[in-house]
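Colleague: Take this structure, written in structure tokens, and hold onto it; I'll ask about it next.
The values are calculated or read from the model by the stated rules, or taken from the named source; none is laboratory data. Keep in mind that this is a model prediction, so the values were computed, not measured. Every residue, glycine among them, receives a Cβ derived from its backbone with ideal geometry; neighbour counts consider all protein chains shown. Each accessible area value is taken on the protein alone, full model and side chains, heavy atoms only, with ligands, DNA and RNA left out. Shrake-Rupley method; radii C 1.70, N 1.55, O 1.52, S 1.80 Å.
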Amino acid sequence: MSLPAPAIGAGVLATNILHFARLLRRAGLPVGPADMLAASEAATRIDLGNRQQMRVALRATMIHRHEHQELFDQAFARFWRDPELVKAAAAIEMLAAGKAPPPEKAPPGSRRLAEAMAKPREKPEPPDPKQQEIDMVMTVSANERLQKMDFEAMGAEEIAAAKAEIRKLTLPLDLRRTRRRRPDPTGPHVDLRATIHQSLRHGGEK
Amino acid sequence: MSLPASVAETAALLEAGGYVADTALATTVHLALAMSRPLFLEGEPGTGKTEIAKVLAAGLGRRLVRLQCYDGLDLAAAAYEWDHARQLMAIRIAEASGAADRTALSSDIYGRAFLKARPLLSAIDPDLPPAVLLIDELDRADEPFEAFLLELLADFQLTVPEYGTIHAATPPVVVLTSNRTREVHDAIRRRCLYHWVDYPSAARERQILARKAPNVAETLSRQIVDFVQRLRKEDLFKLPGVAETIDWASALTHLDQHELTPESVDETLGVLLKYQDDIAKIRGAEAARLMASA
Ligand SMILES: Nc1ncnc2c1ncn2[C@@H]1O[C@H](COP(=O)(O)OP(=O)(O)OP(=O)(O)O)[C@@H](O)[C@H]1O
Ligand SMILES: [Mg+2]
């Protein structure tokens, strides 16, 4: 199955979806590469500035069971905390594609957000330093505990514990203050497939 | 007819078909159409899962092809069957007329004309207009059937060993539903966009009533919905779905009731609850309590 070239959202947004998928997997949800591709495609077919549509688009593609829904919604609320970030992602994409974003998609703070969210110019060779940073800021214990969790086998108490862990995690978007490299908003588009494959190679997650 | 271009257009299409969808459902339906992915709807009985497929077919101007699943559903009933009687006839005729070319004959009798299409084949038949395929209550079919469905859901094609592979000219819009009497396999789930159909909120249920039972008075509608919503919090064998709410409203209106009274509730409870134990539990004091806690 070939993925039609997504118009908007192939870069920053795709990267965020990738990180979000990692978060879901840490929480024990079985999100696979095909789900990420579907989620990325879905994101190009909705109004990116509409948080509710965004949540549903990711949910419909990344989870496949009712039992996973609550955990998903919690993770979504944490990860996509600021709807402006999502709007900014769309704006960045449009800028990168050489189009001027509509004014309402580029609020005054968007430059800061743009810098915060733009993916650093990609280095061809792994290990991807960004992924390492993310893993470093996660508290090690929470990270390990969540990675060992098998959601299917969890009881109500364990699920509650998992949710608590999710709340404690320092998430990728929080990295904007710690990242030192200069982001380049006009940098090359991220090839989602390549990024996913790369992340699979050394992420060791499914 | 072309597919709706946005979530808003999808919502309008559902609305025009008398379907009251929340944003989440409209968004998921839009994505299923836009991405050519099957839509997998799970949820409580009577919450409008089957209805979605009907409304989509009507709204898109497509034919509705429905496969109702049941225990023991097999390929012959779900996909296709060779018309053995006609095949036999063709053989007899060929033999009688002395045409003894066996290989030509066998390729003849495994031709399209001898293939009887059941819902799954019909839905992807390139010679027929585009379809909405409803695979209803998949949880009732047995598991081996799901394995067979995979090819169809992945590529909208179906392979008949004696004949070849049949591709849809236009991918069908596919809606699968389940009441979760059994867990549908992950392989199927992963190919679909997933949506859990919950009971509607009170406001939405009133809207549904206004669409489906327009003769019901405003006050009665509000009381009915409040009562049903509270009933759904009770520990019952089978909770009332939207279908029951609509039936109950119609029944009460038919009996010239303009407001809920303990008497009218007791008399008509059988429309709302399907099990004697449930009726016995709610009738009388409990019903009165539910009405009072408004
Ligand atoms: N959101 C809605 N808008 C309009 N009508 C609705 C809605 N939800 C349910 N209904 C009505 O409720 C009735 C039951 O719906 P339907 O048969 O689709 O439920 P279902 O989920 O398929 O139930 P089951 O699981 O028992 O098969 C139908 O008459 C339908 O018109
Ligand atoms: Mg049904």
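Colleague: Please go through region B:169-190 and pick out each residue that is acidic (Asp, Glu) and closer than 30 Å to B:Met1 by Cα.
Modeller: Result: no residue meets the conditions.
Colleague: May I ask you to say which residue of B:Thr245, B:Thr165, B:Thr219, B:Thr170 is away from ligand 2 (no atom under 16 Å from the Cβ) and either surrounded by 18 or more Cβ atoms within 10 Å (Cβ to Cβ) or part of a helix (DSSP H, G or I) (or both)?
Modeller: Going through B:Thr245, B:Thr165, B:Thr219, B:Thr170 in turn, just one is away from ligand 2 (no atom under 16 Å from the Cβ) and either surrounded by 18 or more Cβ atoms within 10 Å (Cβ to Cβ) or part of a helix (DSSP H, G or I) (or both): B:Thr219.
Colleague: Out of B:Thr28, B:Thr47, report the one residue that is closer than 25 Å to A:His64 by Cβ, open to solvent by less than 40 Å² (accessible area, probe 1.4 Å), within 16 Å of ligand 2 (Cβ to nearest atom) and in contact with a strand residue (DSSP E or B) (Cβ under 6 Å, 6 or more places away or on another chain).
Modeller: Among B:Thr28, B:Thr47, only B:Thr47 is closer than 25 Å to A:His64 by Cβ, open to solvent by less than 40 Å² (accessible area, probe 1.4 Å), within 16 Å of ligand 2 (Cβ to nearest atom) and in contact with a strand residue (DSSP E or B) (Cβ under 6 Å, 6 or more places away or on another chain).
Colleague: So is B:Leu25 part of a helix (DSSP H, G or I) and either within 12 Å of ligand 1 (Cβ to nearest atom) or in contact with a Leu (Cβ under 8 Å, 6 or more places away or on another chain) (or both) or not?
Modeller: So B:Leu25 fits the description; yes.
Colleague: Report whether or not B:Glu9 is within 16 Å of ligand 1 (Cβ to nearest atom) and either over 19 Å from B:Asp125 (Cα atoms) or more than 14 Å from chain A (Cβ to nearest Cβ) (or both).
Modeller: no
Colleague: Would you check if B:Arg66 is crowded, with 16+ Cβ neighbours inside 10 Å, more than 14 Å from every other protein chain (Cβ to nearest Cβ), closer than 30 Å to B:Lys212 by Cβ and away from ligand 2 (no atom under 16 Å from the Cβ)?
Modeller: No, not satisfied.
Colleague: Which one of these does B:Gln207 not meet: (1) outside any helix (DSSP H, G or I); (2) open to solvent by 10 Å² or more (accessible area, probe 1.4 Å)?
Modeller: Failed condition: (1).
Colleague: Okay, moving on. Out of A:Ala42, A:Ala34, which single residue is facing chain B (nearest Cβ under 7 Å) and open to solvent by less than 10 Å² (accessible area, probe 1.4 Å)?
Modeller: A:Ala42 is the lone residue from the list that is facing chain B (nearest Cβ under 7 Å) and open to solvent by less than 10 Å² (accessible area, probe 1.4 Å).
Colleague: Testing B:Ile52 on (1) away from ligand 2 (no atom under 16 Å from the Cβ); (2) closer than 30 Å to B:Leu273 by Cβ, one condition comes back false. Which one is that?
Modeller: So the condition that B:Ile52 fails would be (1).
Colleague: Additional query: Pairs please, first residue from region B:16-28 and at the interface with chain A (Cβ under 7 Å from one of its Cβ atoms), second anywhere and surrounded by fewer than 22 Cβ atoms within 10 Å (Cβ to Cβ), Cβ atoms under 6 Å, 6+ apart in sequence or on different chains.
Modeller: From residues that are at the interface with chain A (Cβ under 7 Å from one of its Cβ atoms), the pairs are B:Thr23/A:Gln52.
Colleague: Same structure again: What are the residues in region B:108-158 that are within 16 Å of ligand 1 (Cβ to nearest atom) and within 14 Å of another protein chain (Cβ to nearest Cβ), if any?
Modeller: B:Leu138, B:Asp139
Colleague: If you don't mind, there's one more thing I want to ask. Given region B:40-101, what helices (runs of 4 or more DSSP H) lie entirely inside it while holding 1 or more residues that are polar (S, T, N, Q) and either more than 16 Å from ligand 1 (Cβ to nearest atom) or touching a residue at least 40 places away in the same chain (Cβ under 8 Å) (or both)?
Modeller: In region B:40-101, the matching helices (runs of 4 or more DSSP H) lie at B:49-60, B:84-96.
Colleague: Let me confirm something: among B:Ala123, B:Ala113, B:Ala94, which residue is more than 21 Å from the chain's Cα centre (by Cα) and open to solvent by less than 30 Å² (accessible area, probe 1.4 Å)?
Modeller: Answer to the selection: B:Ala94.
Colleague: Looking for whichever is among the basic types (Lys, Arg) and free of Cβ contacts under 8 Å to residues at least 60 places away in the same chain here; the options are B:Lys212, B:Lys233. Which one fits?
Modeller: Of B:Lys212, B:Lys233, the one residue that is among the basic types (Lys, Arg) and free of Cβ contacts under 8 Å to residues at least 60 places away in the same chain is B:Lys233.
Colleague: If a residue has to be within 16 Å of ligand 2 (Cβ to nearest atom), open to solvent by less than 20 Å² (accessible area, probe 1.4 Å) and not aliphatic (A, V, I, L, M) to count, how many in region B:222-242 make the cut?
Modeller: Total meeting the criteria: 2.
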